[in-house]
Each structure stands twice: as C-alpha cells, then as structure tokens.
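The values are calculated or read from the model by the stated rules, or taken from the named source; none is laboratory data. No experiment lies behind these values; they were computed from the predicted model shown. Note: ideal-geometry Cβ built from the backbone for every residue, glycine included; neighbour counts use all protein chains shown. Side chains are part of the model used for accessible areas, which takes the heavy atoms of the whole protein and leaves out ligands, DNA and RNA. Shrake-Rupley method; radii C 1.70, N 1.55, O 1.52, S 1.80 Å.
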Amino acid sequence: MEVEGGAATAVNSASDGARLRDIQSITDAALSRLDDRELLTELLNRTRNALRADTAAALLLDFSSGQLIATAAAGLEDEVRQGVRIPVGRGFAGRIAAEHRPVILDRVDHTTVLNPILWAKGIQSLMGVPMVAGGRVIGVLHVGSLTPRQFTSDDVELLQMAADRAAAAVRSITAQADRAAVTALQRSLVPSALPAIAGVEMAARYIPGGGAVGGDWYDVFTLPSGQLCVTVGDVAGSGLPAAVIMGRMRSALRAYALESTDPAEVLSRLDRKMQHFEPDAMATVLYAVFEPGLDRVHVALAGHLPPLIARPGQPAELAPIRPGAPIGVTFRARRPVTTVPVPPGTLLCFYTDGLIERPGEVIDEGLGRLGQAVTAQSPETACIAVMGALVGSEPVRDDIALLMIRRHEERKADADA
Amino acid sequence: MPDAGFPVETISGLPVVVTPAEVDITNAARLREALLEAAAGGRGTLVVDMSQTQFCDTAGIHALVSAHKQAQAEQGELRLVLTTPIILRIFAITGLDDVIPRFGSLEEALTAAASGI
C-alpha cells in the first residue's frame with residue numbers, strides 16, 4: 001500500500017525473487033475462487049502492491065457510446081463513484097484504448113490527462129495498458145504514483161499480465177450481466193401468463209435454445225375494437241442483441257396494429273421501420289387478426305411458417321397461407337393476406353422453426369410430426385403433447401416459441417364487440 | 001466439414017462460394033463474412049452454390065440476405081444455385097423466392113443476365 005520507491009536498489013537475485021512473487025500474486029490460482037467483481041478489485045489491489053504504485057484503476061469500454069467507464073479502483077475510488085467517462089481517443093486512457101498499446105506519462109496535468117480526479121489526487125506518473133479479449137480492446141488498466149517515477153519495461157510487462165487476467169474476468173462478468181439482462185427482458189416481453197380473452201383459451205411455451213437466449217417471441221393482445229391479434233416471430237441471431245431487437249419489434253408491431261387492421265399493412269410498416277433503424281436485422285414474423293366474433297382470422301406472413309389448424313374431429317393441417325418475404329430483406333415486399341375460417345372448437349398452433357427443424361430433414365417432415373401431435377383439444381394439453389412428441393429429451397438447438405389458441409366450442413354472446 | 005473456411009473461387013469472372021452440407025448458427029457468421037467479402041471484391045454480383053447443402057436455418061438465411069443486400073447496393077445481385085429439395089422448400093416457405101434470384105445449376109447462374117429482382 002505505502003510508497004516504496006526503493007525496489008530498484010535491491011541486488012539482482014533479490015529483485016528477481018521479488019519479481020517472481022509479484023507475478024505470482026497476479027497469476028495466483030486462488031484469485032479464481034473469488035467471484036468476478038471481487039476478483040477485479042482484488043487484482044487491482046495486488047497490482048498496485050506488486051508495482052509499488054499508489055493507485056490502480058480499471059476502465060471498461062462501453063461499446064454503444066465508445067466511452068471508457070471507470071469500473072473498479074484501488075486508491076482512486078472516486079473515479080468509480082463519480083462514474084468517470086473518457087471518450088476513446090482522448091486523454092490518457094482514451095489514447096491507450098485507441099492506439100491499442102501501453103502509454104507512460106511522466107507529467108500529469110490537464111494537457112495530458114482528461115480526468116481531473118487524477119491530477120487533483122496529486123498523481124505524478126501514470127502507466128496504462130489495454131485490456132484485450134477476443135482481439136478487441138475491452139478496457140484500460142492503469143496505475144499511478146504520487147511521487148515522480150520512471151516506469152520500466154518490466155513494470156509494463158507486469159501490468160499487461162494483470163490486464164490480461166482482468167480482461168478474462170471482465171469477459172465473464174459481461175457474459176453474466178448479458179444473461180441476466182436477457183432473462184429479465186424475456187420475462188417482460190414473453191410473459192408466461194397470457195391475457196384472459198373472451199371466447200378463446202390459450203397456452204404457450206418458450207424454450208431458449210442451448211441454454212442461451214434468443215430472439216423468438218409471441219404476443220397476444222386485443223385492439224380497441226376488441227379484435228384479438230396474435231404475433232409470433234423469430235429474430236435472426238442470438239443472445240442479448242437478438243433479444244433487444246425482438247423487444248423493439250414487438251412494441252413497434254403493437255403500435256402499428258393500432259393504426260391498421262390489415263395484417264399486411266402492419267408488417268409493411270414494421271419492415272420499413274426495421275430497415276431504417278436496424279438495417280442489419282432480419283426476422284420472420286406471423287401476424288394474425290381475428291374478426292370480431294372469431295369466425296375468421298386474417299393472416300400475413302413475413303418469412304414465417306404458417307400455423308397449423310385443427311378443426312374438431314379432423315386431423316391438423318398446415319393452414320394454406322401464402323408466403324411473404326421476411327422482415328429486413330427487401331423494400332418492395334407486399335405480403336398477401338390469407339383469410340382462414342375458424343369454426344367453434346378449432347385449435348390454432350403458432351410456433352417458431354426451432355420446434356420442427358432438424359438437420360438433414362425436409363421441413364415437411366418436422367411439420368408432419370407436429371401435425372400428428374396437434375389435435376383440437378385444450379391448448380394446455382396440446383402444448384404438453386407437442387413438446388413431448390417434438391422435443392422430448394433432446395437438447396434444444398434453437399429457440400422454441402409455441403402458442404396454442406382454441407376457440408370455445410360454443411359461441412359466446414359476449415365475444416362480439 | 002468442421003471449421004473449413006469458405007473459399008471463394010472466380011469462375012467466368014464471378015466470385016463463387018460453395019456452401020457446406022449444413023449452414024446454421026455455428027458457421028453462418030463466417031459464411032456471412034466470406035460472402036460480404038466476395039460481394040465487395042467483385043463487381044457486386046456473386047454466386048452462392050448451395051447444391052451440396054442439406055440444412056440451412058434462420059442464421060444461414062440471414063447471411064445470404066445480408067450478402068444479397070450488399071450486392072444490390074453495388075448494383076449487383078446474389079445468385080443462388082439451389083437444387084436440393086430441402087433447401088428449395090425452405091426458400092419457398094420463407095417467401096425468399098421472389099427476393100433472391102435462384103438457378104438450377106452453376107452454369108445457369110454464371111451465364112444469366114442480371115435478373116433485376
């Protein structure tokens with residue numbers, strides 16, 4: 001902790017031994033037993049001690065803003081408390097991140113350092129290195145001395161070792177935070193409890209593929225007219241980025257649903273919005289609007305698989321709905337709308353491709369299996385049957401969203417709005 | 001072919017990429033890079049030969065669509081060689097038939113005039 005600038009006066013063998021201990025303190029396997037955030041703080045403490053420095057700090061790159069954000073510190077806690085942000089390319093830390101190489105400063109003032117906390121603290125010398133993971137700079141680690149000091153190439157090497165260790169810890173923290181965020185997003189966007197809607201019964205399943213998370217979703221809502229609307233979609237990609245796009249699409253589609261009862265028009269507007277604001281995204285979407293009274297449903301597809309329809313006493317079949325181009329593919333897409341009769345007691349099965357696609361198989365084989373499992377019964381029983389028959393105990397390779405809607409057997413007088 | 005890259009060959013002046021047996025989330029990102037590079041390297045137009053491919057998921061389709069969009073931005077197009085029933089069916093069902101021009105053989109794809117789709 002204290003300033004011990006005298007290390008350089010030690011004889012060689014003693015200093016070699018000390019250096020070995022310094023390296024060990026940073027590479028110590030025991031560090032791995034700490035949780036990641038503790039590890040980062042403990043690593044900064046050890047780095048500061050090993051380098052006989054007075055301060056140590058880690059700034060992490062926020063990719064969306066291109067700024068470095070002070071995340072952990074030893075002897076420089078104000079940096080973290082005040083949420084210091086340094087644009088990449090500017091100041092001391094910004095330069096390290098931009099140039100991807102170590103920087104040593106022998107003069108610390110407003111001309112060399114952007115962050116006033118560093119000069120106010122009285123730091124005289126600074127040394128910083130980039131934190132690199134997967135070939136990209138993800139942050140900067142720096143140490144400072146309150147007395148003037150010449151950092152050596154050995155010092156840089158030791159700090160880089162600490163930065164590599166920190167980068168691995170940060171990667172793991174980020175992955176955990178992403179998982180937590182996606183789970184929270186999905187809970188809010190793909191609610192397990194479906195709304196109660198007069199005249200129909202519903203059940204659903206949502207399984208993120210491979211334990212990861214993704215961009216599949218379903219949504220059920222009513223318009224001010226009382227008309228029932230259903231969406232199922234699948235954003236290409238995985239993890240938090242796909243889940244974020246999914247959230248935006250879901251709410252945009254709801255907004256356009258209020259403006260038009262034509263499902264193709266709603267999908268066109270959604271497509272235009274996506275191509276303008278998320279030009280790299282692609283998604284498949286099914287959007288269905290039931291007539292008041294539920295006798296018929298109007299469906300438009302954007303690259304999505306058609307629903308299965310099971311009428312009472314009949315085997316399920318693929319609803320004969322004309323295909324349309326996915327969202328995010330072409331500006332010219334005008335998607336056809338197909339109207340499907342829904343007699344009382346009919347079950348509709350909406351799903352994403354993860355439920356039926358298997359390598360080496362024509363998609364119709366999976367659709368065939370699904371058709372055998374679906375019958376016009378209670379949606380909950382139908383979900384159990386479908387998941388049992390199509391997923392069973394296989395590990396799930398892709399996200400699966402499944403939504404079953406069954407019109408009540410008898411007409412409900414209150415169903416027409 | 002695990003971890004094989006996606007070599008780009010030039011045939012009759014057009015870049016041609018042959019896709020492996022399966023195109024899915026595990027290799028779609030690399031395919032996408034290879035296609036974008038091929039699209040940028042040529043005069044915009046490129047050929048993707050999927051006649052060996054037996055599986056293509058949403059991630060694979062996304063890679064093709066991205067490359068097609070980039071090719072169009074450069075006044076070119078992505079020409080798909082599709083022969084296997086599995087992939088033909090996926091393209092029909094996802095409404096991509098009208099979006100990306102497709103051909104029954106590499107020869108046709110190489111000699112076709114721009115479709116203007």
remark   = Residues from the range B:58-76 losing no less than 20 square angstrom of accessible surface in the full protein assembly compared with the chain alone, 1.4 angstrom probe, ligands and nucleic acids excluded, are B:Thr58, B:His62, B:Val65, B:Lys69
inquiry  = What's the total accessible area buried between chains A and B, using a 1.4 Å probe, rounded to the nearest 100 Å²?
reply    = 2100 Å²
query = Of A:Thr330, A:Thr147, which has the most accessible area with a 1.4 Å probe, and how do the rest follow in descending order?
reply = A:Thr147, A:Thr330
Inter-label distance, nm, simple model (7 Å from Cα along the C-beta direction), A:Glu201/B:Thr10 = 6.6 nm
task = Would you mind getting me the FRET efficiency between A:Val391 and A:Thr112? Use the beta-carbon distance for r and R0 = 56 Å, nearest 0.05.
result = 0.40
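At 1.4 Å probe size, with the rest of the protein present, what percent of the exposed accessible area of chain B is carbon and sulfur atoms? Walk me through the numbers before you get to the answer.
Working: 2620 of 4990 Å².
Carbon plus sulfur share of accessible area: 52 percent.
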ask   = Can you pull the percent of the range A:18-180's accessible area that's carbon plus sulfur, 1.4 Å probe, other chains left in place?
value = 50 percent
key: FRET E, pair A:Ile23, B:Ser51, Förster distance 60 Å, beta-carbon r, rounded to 0.05   = 0.60
note = Expressed as a percent, the accessible surface of the range A:300-415 that is carbon or sulfur, using a 1.4 Å probe and the full set of protein chains, is 53 percent
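Using helices alone, I'd like the mean residue ellipticity at 222 nm for chain A: each DSSP H run of four-plus residues gives -39500 (n - 2.57), total over residue count, nearest 500.
Details: 10 runs with 146 residues, N = 417.
So the helix-based figure for chain A works out to -11500 deg cm²/dmol.
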inquiry  = Along the Cα→Cβ direction, 7 angstrom out, place labels at A:Ser378 and B:Glu108. What is the inter-label distance in nm?
reply    = 5.2 nm
task = Kindly identify residues of the range A:215-255 having a loss of at least 10 Å² in accessible area between the isolated chain and the assembly of all protein chains, probe radius 1.4 Å.
result = A:Asp234, A:Ala236, A:Gly237, A:Ser238
remark   = Ranked by GNM mean-square fluctuation in chain B (Cα springs under 10 Å), the top entry among B:Leu36, B:Leu96, B:Leu82 is B:Leu96
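Solvent-accessible area per residue for chain B at a 1.4 Å probe radius, Å²? List each step's numbers first, then the result.
Numbers: 4990 Å² over 117 residues.
Ligands and nucleic acids excluded, the result is 43 Å² per residue.
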message = So if each residue of separation counts as 0.36 nm, and I subtract the Cα-Cα distance between A:Ser225 and A:Arg81, what length gain in nm does that give?
response = 46.7 nm
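Helix by helix, which DSSP H runs in chain A go 24 Å or more along their axis at the Cα atoms and have an average Kyte-Doolittle hydropathy of 0.5 or more?
Numbers: long enough: A:153-189 (52 Å, 0.11); A:239-259 (31 Å, 0.54).
Helix filter hits for chain A: A:239-259.
Hey, can you find the accessible area per residue of the range A:18-180 for me, probe 1.4 Å, expressed in square angstrom?
46 Å²
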ask   = In the protein assembly as shown, what percentage of the DSSP-assigned beta bridges are antiparallel, given to the nearest 5?
value = 85 percent
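Quick check for you: with a 1.4 Å probe and neighbouring chains kept, what is the accessible area per residue of the range A:190-416, in Å²? All intermediate terms of the calculation are to be shown ahead of the outcome.
Numbers: 8760 Å² over 227 residues.
Here the residues of the range A:190-416 average 39 Å² of exposed surface.
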